[in-house]
Amino acid sequence: MEEERLRKSFDFLGLTQEASVEEVERAYRKLRSLYSEESLATYSLLEDSDRQEKLELLHDAYQRILQSHQHASTDLVALERRLDSLSPKSQVICIDADYKQTPGLFLQQLRKGWALSLKDISARSKVSVNILQNIEDQRFDALPVPVYLRGFLREFAKMVKAPDADALIECFLALYNKDQETKLSHNTEINRGV
């Protein structure tokens, strides 16, 4: 229920839930000026009571989002403390995936070894849970272009303290490119009627 209200608050401000505090504040100020008494844009469109209601809804949405960000920041501080308390000596991580063949599975095993959820990684790295899941599952068709993917992989690898992150990233991108080439070749054959 609260998650739905939060989503509607972001919608009211015309933002996605990944919006930063700065973006939320900018959208709030813009809409507040739009519904103000001095605004020519809404002067003849809204009655004073309607305008006031919009301002109250806007304020409520803004406060709800700020509270959720504050709660997320508190969660992030707790996560960072937990991560700082873990060290390779205190944490046994068993990895049997080969990062050259299955880099997504390798990242997943590292993440689970550190007892982190995808939500934990997302909160700290600002990479969406959906993208992180697609990286782990190596769903190349659901991933962004390499210029963005490289940054997401770097953040993920950093969060799970992947050894030789550069090599892992290059292996992942090589598999991604191979998948894209295979699909392109297949589509070309279909278009030719082969």
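A short reminder: the numbers here are calculations on the coordinates, not readings from a lab. Keep in mind it's a predicted model, so treat the numbers as computed, not measured. So basically every Cβ, Gly included, is an ideal-geometry build from the backbone, and we count neighbours across all protein chains shown.
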* To do: Look at segment 139-194 and say how many of its residues are surrounded by 12 or more Cβ atoms within 10 Å (Cβ to Cβ) and polar (S, T, N, Q).
  => 2
* List the helices (runs of 4 or more DSSP H) that sit entirely inside segment 126-194 and contain at least 1 residues that are hydroxyl-bearing (Ser, Thr, Tyr) and either more than 14 Å from the chain's Cα centre (by Cα) or closer than 16 Å to Arg111 by Cβ (or both). => 165-192
